[in-house]
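The values are calculated or read from the model by the stated rules, or taken from the named source; none is laboratory data. Predicted, not measured: the structure shown is a model, and the values here were computed from it. Every residue, glycine among them, receives a Cβ derived from its backbone with ideal geometry; neighbour counts consider all protein chains shown.
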């Protein structure tokens, strides 16, 4: 067991967004979190990464030696403990170069052999950028000048630059063409194979989810309505109901 | 070389080492000046440098961290008063009291660091309120008063010559620039570029934004304090009215905006330009120069919103095209 | 004590009048207008000038305020509208420049003397109430500000223009998409801002001497009440203005000379404990900051 | 694009101007010339012509101009006549600028003598520069007692220290019948006024009048509502306003609202600007005040005979009546003139000589008798004036030698 989410509840101004959400994530596993819009997926991520405090419930991260309770840690601590994430709307520093954006993540990683000194840091960053296969000649061009696919890759690179044990992808495929999506998902799989990290994967594009995920958690109106194997998920009436309902609405 | 470029603070349009070199060169040049200048010109340059110093210190918190402080004068003032009390009342060694001035205002900044939780306007107003509150406290409090009963001012004996002060200020200028570049090139300064863009993201990728902000705030307060501490004996008389006046808080903002916010060179250029203009306006237009000054402000915002550094950036881009210092890969 | 409280609140009414203008500009245009104090002072000066021409007080107050409103629209049209797209702080610096220029120009027109109208039957008129004396002008101030508040309330909730303003305040893009006349609404907001602020000044000139260089003070005070009351929240502004007035008055009764210190320390505490102000901020001011 | 072009042009303009400016400023050649080699005499000074004190600074400026007119730009130095020039700058009441400009005057413009700045901080700044260059300064812009301590012998001050401001009035009051028992003092929140207020309190105590009430008024607005309310509960015979006319006007207005009754009102240092008459009108009747200078006092003047003529001529030229700032500013160059007339031709602007001459000075001039004490502070008593009659004419009532009317007491005030 890698990550353990134990009936989280969160409500904003009386409006309940998450109610007793709970699921587990085994190490090295890729788990999709799907559900219609406004189901509370991003809120869930924000709770796991410490942006919000849950009203009730706990989040535990099991690293090889210890157990961390994420629900009472500050976001940057959580990130440094090896929880990398990407953001729903692409958020990088536009004035900096691709390389420097990755560096922003890299300079905060303390888990692996501490990267001290310019040279080490540089090597580590380059390693990360190569891992997400960004064309080296693009490294030193301003982030505002590169296409959206590369932006997504930068976020990916920045996340893995923290040498994480858990990576959270928040709709990383949105706005990408089918080809780009495939490339990105392939990258994620490859990285998982190489580093053996576990991944939490929020996505609307069910095709991508099917490609990537071993298991899915389906959330609707802040409640877990399904948790299990990807293939059973779309046989489950509740899930179908939720999705059909969405299409109807 | 490449690594240096990589650890490049946002807005520094040239490489860190090159900037250092530039500053040292400038300082050296300045040190050569005095023999050729008369006392007035030396004084003019000294006050110009003082404006630049306070503007640079403001730029660290206001420009790089995007916290528009409207009460930066408070640190300037505290520095001046701390120096006055240390040197005149307790007779502490001159240079030590200068440092003390800086340390005192850094301390106040540390105490006041909770106001960094505020954002945008609230922060601006909070700093303004801080300025007023401190001014009134210093005016009423017996300890900070001058040596006479009602007189809230401090008078200093003339100890150092103008040249001496000038060299002192140049030294401080160099030290400050080095510390600023050092900070901006450190992981904290570099991180400031991130949380200026999007704080949520910055924390999401493991940047401790609180620490960054507080460090920047303290550093900028420290240098503002030192500047005030030098200003006080130079002007030889300070009082709460003059030192805690709003103009010491507005000036750095205007200077930085003239030169270009959020760039190391901006305040320096802005300071030179503004002082030169200001100086000429005194001479030519006795009663109209404030009017012209205002018009100039408007003109700058209308025609030159990014300040003169914008101009600089254009230049460097041109000059980078020639030798690809930062190859611009156009992929659209 | 209660008497002092009421007196203070009356004195505070002027802050409410001055503050509302600031509040709508902050809420709808999303800018901090350092030219605000000029509206106040200019209102006072124009009123004095018109009164000197022999107009009756109420008429000179009215005309003065309207003129300032027009001036405000002029500034908005000519200068501010051009830089609205730029960063919040640049606009602020622009208004700072406008304030400097306006002040100097006023100096050339009106001279540098203060203005203070002490008119028998107006300035020294008082009401006696249970043996307590209330200056008539302060009472009128309070009444005016209360009525202005209800007027505002009506305008904002029951007229097309008010609705437009609110939509713009919430989200300018949507307003543009809806095809609303954003520029026009900005002008309207600016006009009301100038009008009410100048009205505060025009009343004040009958109560206190107004000098050319008080504009900074009035800008900061309206800034203060607005932030204290929650930006864009008219009711909050009103209440916080009354509170500020009361505190200033009472503190100058009991700890004279420290009233400013008290008010600023209070502000600091409020900002630190409740950065959004005492009341919920209605309009998304932060959108531009 | 078009816009871009314009911007670029604008930029070029700015850049070039500023580079030129900086170069011009910092590397203009240093010409050195002994006094009078330049063929004219130059007096220089800086005034806060823009900013909060612009109003007062203009008075100084006009007075200086008026002096130049009077002597039609000529001055006699050591028996030889030279053209006289004034060089004024604007320091915005910012001591930083005052310091720079004074330095500039002495080094670049080669000013022979200095004219006074205005305001405590600027004058202190000016003083320390003077000390550095061993020049001296006749100051009419600051009254703080700090001046003696720091600049005794460097700064000669034409206004007495704070404790003289109400001295004459108080010793007039002490002889009144029926006598006044209690007093209330209003103090604007500024060091110099605190100084004055304290002095008043002591002097009143000396004559057995106890101060039962003292209130500090914030400088930003002259809000006196609370002060007057506090006064209501006290039994106050006389009110002393240590501030200036603005405060008096506000006070009278508030006091009338609450129908306060006083036996005697010291309107403070009434600078007799039109402001008081315009705002208060008939309400200022029978209010007393102190002033340095009044045209009616008929003090002597070299060029106009007496102050009355002086006032008339000045009004013709500038369209407003003289008041004390003008007389004082007019004094400064005149004193220099009197001294330089028989200076040593070889070194006419020798500081020691001028200092000695100033200490020796004892003449009847438009500023009354000019006599400096050993610290370089003028020995001068204020005139006590009262607004009398139906049109509130300003009459001098004390000291008796140059009184134009008798004090109206007990008088009905605030009606």
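Tell me whether region B:308-324 contains one or more residues that are surrounded by 21 or more Cβ atoms within 10 Å (Cβ to Cβ) and either more than 20 Å from residue B:176 (Cβ to Cβ) or at pLDDT 80 or above (or both).
Initial filter on region B:308-324 (surrounded by 21 or more Cβ atoms within 10 Å (Cβ to Cβ)): B:308-309.
Then keep just the ones that are either more than 20 Å from residue B:176 (Cβ to Cβ) or at pLDDT 80 or above (or both); that gives B:308.
Taking every residue of region B:308-324 in turn, at least one turns out to be surrounded by 21 or more Cβ atoms within 10 Å (Cβ to Cβ) and either more than 20 Å from residue B:176 (Cβ to Cβ) or at pLDDT 80 or above (or both).
Of all the helices (runs of 4 or more DSSP H) wholly in region D:146-223, which have at least 2 residues that are within 12 Å of another protein chain (Cβ to nearest Cβ) and touching a residue at least 24 places away in the same chain (Cβ under 8 Å)? Even if it seems obvious, please write down each step before you answer.
Numbers: elements: D:146-151, D:167-173, D:191-206.
Counting at least 2 such residues, we get D:146-151, D:191-206.
Among the listed residues B:214, B:218, B:169, identify the single one that is in a helix (DSSP H, G or I) and farther than 30 Å from residue C:220 by Cα. Steps first, please.
Values: B:214 fails: farther than 30 Å from residue C:220 by Cα; B:218 fails: farther than 30 Å from residue C:220 by Cα.
Being in a helix (DSSP H, G or I) and farther than 30 Å from residue C:220 by Cα holds for just one of B:214, B:218, B:169, which is B:169.
Any residue at all in region D:238-246 that's farther than 21 Å from residue D:52 by Cα, free of Cβ contacts under 8 Å to residues at least 40 places away in the same chain and away from every other protein chain (no Cβ under 11 Å)?
Going residue by residue through region D:238-246, those that are farther than 21 Å from residue D:52 by Cα are D:238-241.
Next, only the ones that are free of Cβ contacts under 8 Å to residues at least 40 places away in the same chain stay: none.
No, the conditions are met nowhere in region D:238-246.
Report, by residue number, each residue of region C:113-128 that is at the interface with another protein chain (Cβ under 7 Å from one of its Cβ atoms), surrounded by fewer than 21 Cβ atoms within 10 Å (Cβ to Cβ) and not in a strand (DSSP E or B).
Result: C:113, single match.
Among the numbered criteria (1) out of contact with any helix residue (DSSP H, G or I) (no Cβ under 6 Å at 6 or more places or on another chain); (2) at negative phi, which one does residue D:79 miss?
(2)
This table checks each residue for (1) farther than 28 Å from residue D:249 by Cβ; (2) surrounded by fewer than 19 Cβ atoms within 10 Å (Cβ to Cβ).
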residue: C:197; (1), (2): no, no
residue: C:212; (1), (2): no, no
residue: C:218; (1), (2): no, no
residue: C:233; (1), (2): yes, no
residue: C:247; (1), (2): no, yes
residue: C:279; (1), (2): yes, no
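What tally of residues in region A:39-53 results from selecting those that are in a loop (DSSP other than H, G, I, E, B), more than 13 Å from residue A:3 (Cα to Cα) and in contact (Cβ under 8 Å) with a residue 40 or more places away in the chain? Spell out the reasoning first.
Within region A:39-53, the first condition is being in a loop (DSSP other than H, G, I, E, B), and the residues that meet it are A:39-40, A:49-53.
With the extra rule that they be more than 13 Å from residue A:3 (Cα to Cα), the set shrinks to A:39-40, A:50-53.
Imposing the further condition that a residue be in contact (Cβ under 8 Å) with a residue 40 or more places away in the chain reduces the set to A:39-40, A:52.
Result for region A:39-53: 3.
Scan region C:166-179 and tell me whether some residue there is in contact (Cβ under 8 Å) with a residue 24 or more places away in the chain, surrounded by fewer than 21 Cβ atoms within 10 Å (Cβ to Cβ) and part of a loop (DSSP other than H, G, I, E, B).
yes
Is region B:227-241 home to any residue that is within 14 Å of chain D (Cβ to nearest Cβ), modelled with pLDDT under 85 and either within 10 Å of the chain's Cα centre (by Cα) or closer than 19 Å to residue B:83 by Cβ (or both)? Before you say what the answer is, go through the steps one by one.
Going through region B:227-241, the residues within 14 Å of chain D (Cβ to nearest Cβ) turn out to be B:227-228, B:230-241.
Now drop any that are not modelled with pLDDT under 85, which leaves B:241.
With either within 10 Å of the chain's Cα centre (by Cα) or closer than 19 Å to residue B:83 by Cβ (or both) added as a condition, the list becomes B:241.
Yes, some residue in region B:227-241 is within 14 Å of chain D (Cβ to nearest Cβ), modelled with pLDDT under 85 and either within 10 Å of the chain's Cα centre (by Cα) or closer than 19 Å to residue B:83 by Cβ (or both).
Between C:217, C:258, which is without any contact (Cβ under 8 Å) to a residue 12 or more places away in the chain and within 14 Å of chain D (Cβ to nearest Cβ)? First the steps, then the outcome.
Working: C:217 fails: without any contact (Cβ under 8 Å) to a residue 12 or more places away in the chain.
None of the other options fit; the residue is C:258.
Regarding region B:116-125, can at least one residue be identified that is modelled with pLDDT under 85 and closer than 26 Å to residue B:172 by Cα?
Within region B:116-125, none of the residues are modelled with pLDDT under 85 and closer than 26 Å to residue B:172 by Cα.
Kindly indicate whether any position in region C:81-88 is surrounded by fewer than 23 Cβ atoms within 10 Å (Cβ to Cβ), away from chain B (no Cβ under 12 Å) and assigned to a helix (DSSP H, G or I).
no
Taking residue D:106 as meeting all but one of (1) over 16 Å from the mean Cα position of the chain (by Cα); (2) part of a strand (DSSP E or B), write down the number of the exception.
For residue D:106, the exception is condition (2).
Yes or no: residue A:95 within 13 Å of chain B (Cβ to nearest Cβ), surrounded by fewer than 21 Cβ atoms within 10 Å (Cβ to Cβ) and out of contact with any helix residue (DSSP H, G or I) (no Cβ under 6 Å at 6 or more places or on another chain)?
Criteria met by residue A:95.
Any residue that is surrounded by 21 or more Cβ atoms within 10 Å (Cβ to Cβ) and closer than 24 Å to residue D:167 by Cα - is there at least one of those in region D:302-315?
Looking through region D:302-315, at least one residue is surrounded by 21 or more Cβ atoms within 10 Å (Cβ to Cβ) and closer than 24 Å to residue D:167 by Cα.
Could you please find all residues in region B:271-282 being at pLDDT below 85 and more than 8 Å from every other protein chain (Cβ to nearest Cβ)? Before you say what the answer is, go through the steps one by one.
Step one: filter region B:271-282 for residues at pLDDT below 85, giving B:277-282.
Those that are at pLDDT below 85 and more than 8 Å from every other protein chain (Cβ to nearest Cβ): B:278, B:281.
Looking only at region B:117-148, filter to residues that are over 23 Å from the mean Cα position of the chain (by Cα) and part of a helix (DSSP H, G or I); which one of those is nearest to the other protein chains (Cβ to nearest Cβ)?
Step one: filter region B:117-148 for residues over 23 Å from the mean Cα position of the chain (by Cα), giving B:136-137, B:139-148.
Subsequent filtering for residues that are part of a helix (DSSP H, G or I) retains B:136-137, B:139-140.
On the way: B:136: 4, B:137: 7, B:139: 8, B:140: 7 Å.
So the residue we want is B:136.
If you check residue C:106 against the conditions, is it crowded, with 17+ Cβ neighbours inside 10 Å, more than 30 Å from residue C:6 (Cα to Cα) and at the interface with chain B (Cβ under 10 Å from one of its Cβ atoms)?
Details: crowded, with 17+ Cβ neighbours inside 10 Å: yes; more than 30 Å from residue C:6 (Cα to Cα): yes; at the interface with chain B (Cβ under 10 Å from one of its Cβ atoms): no.
Taking the combined requirement at face value, the residue does not satisfy it.
Anything in region A:54-80 that is assigned to a loop (DSSP other than H, G, I, E, B), surrounded by fewer than 17 Cβ atoms within 10 Å (Cβ to Cβ) and more than 14 Å from chain B (Cβ to nearest Cβ)? List them, or say none. Working first, answer last.
Here is the first cut: in region A:54-80, the ones assigned to a loop (DSSP other than H, G, I, E, B) are A:54-55, A:63-66, A:73-74.
Narrowing further to those that are surrounded by fewer than 17 Cβ atoms within 10 Å (Cβ to Cβ): A:55, A:63-66, A:74.
A:55, A:63, A:64, A:65, A:66, listed by residue number.
Tally time: how many residues in region D:210-229 are modelled with pLDDT of 90 or more and over 17 Å from residue D:255 (Cα atoms)?
Count: 3.
Which of the numbered conditions does residue D:338 fail, given that it passes all the others? Conditions: (1) in contact with a strand residue (DSSP E or B) (Cβ under 9 Å, 6 or more places away or on another chain); (2) assigned to a loop (DSSP other than H, G, I, E, B); (3) without any contact (Cβ under 8 Å) to a residue 40 or more places away in the chain.
Evaluating residue D:338 over (1) in contact with a strand residue (DSSP E or B) (Cβ under 9 Å, 6 or more places away or on another chain); (2) assigned to a loop (DSSP other than H, G, I, E, B); (3) without any contact (Cβ under 8 Å) to a residue 40 or more places away in the chain leaves (2) as the failure.
Which of the numbered conditions does residue B:72 fail, given that it passes all the others? Conditions: (1) touching a helix residue (DSSP H, G or I) at 6+ places or on another chain (Cβ under 8 Å); (2) under 22 Å from residue B:182 (Cβ atoms); (3) away from chain A (no Cβ under 14 Å); (4) at pLDDT below 85.
It fails just one condition, (4).
From B:257, B:261, B:250, which residue is part of a loop (DSSP other than H, G, I, E, B), within 14 Å of another protein chain (Cβ to nearest Cβ) and either crowded, with 24+ Cβ neighbours inside 10 Å or under 13 Å from the mean Cα position of the chain (by Cα) (or both)? Steps first, answer last, please.
Values: B:257 fails: part of a loop (DSSP other than H, G, I, E, B); B:250 fails: part of a loop (DSSP other than H, G, I, E, B).
The match here is B:261.
In this structure, does residue C:39 turn out to be more than 14 Å from every other protein chain (Cβ to nearest Cβ), surrounded by 24 or more Cβ atoms within 10 Å (Cβ to Cβ) and touching a residue at least 40 places away in the same chain (Cβ under 8 Å)?
Numbers: more than 14 Å from every other protein chain (Cβ to nearest Cβ): yes; surrounded by 24 or more Cβ atoms within 10 Å (Cβ to Cβ): yes; touching a residue at least 40 places away in the same chain (Cβ under 8 Å): yes.
Yes; evaluated as a whole, the condition is true for this residue.
Consider residue D:371 carefully, then state whether it is in contact with a strand residue (DSSP E or B) (Cβ under 9 Å, 6 or more places away or on another chain) and modelled with pLDDT of 90 or more. Can you show your working first?
Details: in contact with a strand residue (DSSP E or B) (Cβ under 9 Å, 6 or more places away or on another chain): yes; modelled with pLDDT of 90 or more: no.
Answer is no for this residue.
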